[in-house]
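One structure is given below, encoded as C-alpha cells.
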Amino acid sequence: MRPATPLLDRVKLPADLKGLTDRELAQLAHELRAETISAVSETGGHLGAGLGVVELTVALHAVWDAPRDRIIWDVGHQCYPHKILTGRRDRIRTLRQKGGLSGFTKRSESPYDPFGAAHSSTSISAALGFAVARDLGGAPEHGIGDAIAVIGDGAISAGMAYEALNNAGHLGKRLFVILNDNEMSIAPPVGAMSAYLSRLYAGDPFQELKAAAKGAVSLLPEPLREGAKRAKDMLKHLTVGGTLFEELGFSYVGPIDGHDMDQLLAVLRTVRARATGPMLIHVLTRKGKGYAPAEEARDGGHATAPFDVTTGRQRKAPSNAPAYTRVFAEALVREAEADPRIVAVTAAMPDGTGLNLFAQRFPARCFDVGIAEQHAVTFCAGLAAGGMRPFCAIYSTFLQRGYDQGGHDVAIQRLPVRFAIDRAGLVGADGPTHAGAFDIAFLSNLPGFVVMAAADEAELVHMVATAAAHDEGPIAFRYPRGEGVGVTLPDRGVPLEIGRGRLIAEGSRVAILSLGTRLGEAMKAAESLAAKGIRPTVADARFARPLDRDLILRLAAGHEALITIEEGAVGGFGSHVAQLLAEEGVFDRGLRFRAMTLPDSFIDQADPAEMYDVAGLNAPQIEAKVLEVLGVAALASRRA
C-alpha cells in the first residue's frame, strides 16, 4: 500500500516548491520520506543515504533554482528524493531496473542531474568547474547560476576532496559546499577528518551550539554581528581552536541540524543571498532518518534488496551457494590463522569486501583507511616492504583510482601486495559506474604482476591460498558479485602453480579457453554444441598473467580454432593470448582465433544475466561464436 502524499502529488518540478510555505515544506519532506521508503521497498537500492537528506533535498530545491543552479550530489546514492522532486516520480519504481532510472545521478537522464556520479569525492571539483565556467561565460544558451556540492563526511576524507577545497579556496569563486555530516559513510568513517568533525559538536549539547550555527559573521546584518562573533569564537575555543575550512579559504557556517527545516531554510537563504566567495555549510544528519530499520542497521541501511516496509525484512530468495565475498573472507581468515604476517586493508568497504569478518577475528591486523584507494595501495606496499603479507581488498571499479600506485609503488618495486578484486565483471543494478571491466587489462600490462580469475568459489579459495604463499611480487585475483555456483568448498585452499591452467573437457576442432566465471556458460554452450555433433575442448585459463604458454600452444596446435572468453574489456587476456600466438607464428599455420570480451561500450543496469546477454558472453552467444568460427553458422540458422 502506497503512502498518502497530498502535497507531494502537487509537486511535478522544483519550481512547484516556490509557492509552498515553510510549514508546507516541512510536511512535504515527511511525504517525500514516505514515498522514498515505499519506492525502494519495491526496487531495492541505497536507502539510508537518501532518507538522511530528505529535508536537505527539499530545502536546496526550495532555496535555489535548479537546473540553472547546479546541485551536485557526491556519489549520488542519496539522490532518490532529488529524483522524485525533479520530474521523475512517475518512474521512481524503476530504480536500478533494466531500462529504468539509474541509482545515481546521470546527465543523460535529466537536466537536473548536471554531473554524473557514483564514485565518491568528485563533487567539489565538478562544482568548482561549473563556477569557473559560469564566470568565463560558459553555456550561454541557458546560463549557469550557483554551483552547490553536497558531500558526505566520509567522502570529504578522500584526497581528491582536499585538492578541490584547496583550489576552490585559492580561486575564491562563489561556490557552496554542503558537508552532509552523518558520522557514517558506508562504514563508520575513519581518520582524522572524521574525528575533527565529531569534535565540532561532541563537547557540548547540540542545542547549545545552535546560536553559533546561524551564519557566518560577515553575512549577518550589522546589529547582529558582534553577538554572532562572540558565539562563533566561543564555539572555536570549545572545539579545536580554529576552523580548518576557513584556513583553506572557505567561509564556514555550522554545524546546523539537517532535519530542522526552519534552521535549514534560514541558513541556506542567508548564504545564498550574501555569499561572494566559497562557502562551506556543515549540516548534521542521520543516515536512515525516519525509518527505524534503516536507523538501527549497522550501515544505516546503505544498500538493501526489496523489503517489507512494515518489518524492514528483505525479500530475498535463499541461495544454496555462499556469496563469493564471504568465501574470500573466510578463506583469508583461515590463511591468517596460520600466518601472523597476513594483514588486510580496505578502503571504507569492510562489509562490502567481507573484511568485517576478518576484523572480528583479527582486529589489530585489519585496517580500514577510509575512502582513499590510492593511500590503501601504497600503504600495502609499505606493509609488504616491512615484511608483512598484505591483502588489499577493493572493488574492481574502485581499484582504478589506485592504478598509479599499483604500478609505481608496487609493481616497479616487485612488492608482494595481494589484491583481492571484488565485483569483477558486470554487477547488475549499480550499472556501468560499478562494473569491474578494466582490471584484467590494466593489471596484466604491469610487468611482474600475477593476475588470476576464479571460475567458481572453490577456485577462489585456492587463489587466496596462492596469493598468501606468493612472495615474489604483486599478485591479484578477481571474483564476481553475488553467489557462487554451488560447488563443494575445500576446508583450506591449496596454492596453485603460477601460470598453469586446467583442462575441463577434451574435444576436437575448436577449443574454448575461459578466464573467470564464464566457464559455466562455456560448458553450457559445449553441451548444446555436442547435440549438433560438435564437441569443443574447454579449458580454464586461471591466469591472465603469466599465460600458460604450454596449454595455449597445445590448444592452438590441436584445433582448427581457438576462442578466449573473459569478463573484461578489450586489451586484456584475449589480447595477450593473441600476442603470444602471433609471436609463435601460429596464425601463419591457419589457426582461426576469436577473443570474446566485454564490448567497447558501457552497459546500462539490468540483471547481470541480461547484461551478459547484451555483452554477448552467455552460452547462446558462445555457441554462436563457435559455429561462426567453424563456418557452420548458416547450417545452424537453417536448423533453427
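The values are calculated or read from the model by the stated rules, or taken from the named source; none is laboratory data. What you see is a predicted model, and the numbers here were worked out from it, not measured in a lab. Cβ: placed from backbone, ideal geometry, glycine included. Neighbour counts: every protein chain shown. Surface accessibility is based on the protein's heavy atoms, side chains included, excluding ligands, DNA and RNA. Shrake-Rupley method; radii C 1.70, N 1.55, O 1.52, S 1.80 Å.
Remarks
- Residue match in the range 314-334 (condition: over 25 Å from His462 (Cα atoms), among the basic types (Lys, Arg) and surrounded by fewer than 23 Cβ atoms within 10 Å (Cβ to Cβ)): yes
- Candidate set from the range 583-635 (those that are among the small types (Gly, Ala, Ser) and not in a helix (DSSP H, G or I)); member that is nearest to Glu560 (Cα to Cα): Gly590
- Taking the criterion of being touching a helix residue (DSSP H, G or I) at 6+ places or on another chain (Cβ under 8 Å) and touching a residue at least 60 places away in the same chain (Cβ under 8 Å), the residues of the range 543-566 that qualify are Ala544, Arg545, Glu560, Ala561, Ile563, Glu566.
- Gln374 meets each of the listed conditions (1) touching a helix residue (DSSP H, G or I) at 6+ places or on another chain (Cβ under 8 Å); (2) within 24 Å of Gly568 (Cβ to Cβ); (3) open to solvent by 10 Å² or more (accessible area, probe 1.4 Å); (4) modelled with pLDDT of 95 or more apart from (4).
- Per this entry, Ile124 is not counted among residues that are open to solvent by 10 Å² or more (accessible area, probe 1.4 Å) and β-branched (Val, Ile, Thr).
- Among the residues making up the range 80-111, those that are crowded, with 20+ Cβ neighbours inside 10 Å and touching a Gly at 6+ places or on another chain (Cβ under 7 Å) are Tyr80, Pro81, Leu95, Arg96, Ser102, Gly103, Phe104, Thr105, Lys106.
- Checked against (1) over 30 Å from Ala467 (Cβ atoms); (2) in contact (Cβ under 8 Å) with a residue 60 or more places away in the chain, Ala531 meets all criteria but (2).
- Filtered residues of the range 402-426 (kept if open to solvent by 10 Å² or more (accessible area, probe 1.4 Å) and within 25 Å of Gln97 (Cα to Cα)): Arg423, Leu426
- Counted as qualifying within the range 353-401 are the helices (runs of 4 or more DSSP H) with 1 or more residues that are among the aromatic types (Phe, Trp, Tyr) and closer than 17 Å to Arg341 by Cα, namely 355-361, 373-385.
- Selection count, the range 488-517, where residues are open to solvent by 50 Å² or more (accessible area, probe 1.4 Å), among the hydrophobic types (A, V, I, L, M, F, W, C) and touching a residue at least 40 places away in the same chain (Cβ under 8 Å): 3
- Search result, residues across the range 7-43 that are in contact with a Ser or Thr (Cβ under 8 Å, 6 or more places away or on another chain) and open to solvent by 60 Å² or more (accessible area, probe 1.4 Å): Leu13
- Condition broken by Asn618, with the remaining ones in (1) more than 24 Å from Arg535 (Cα to Cα); (2) in contact (Cβ under 8 Å) with a residue 12 or more places away in the chain satisfied: (1)
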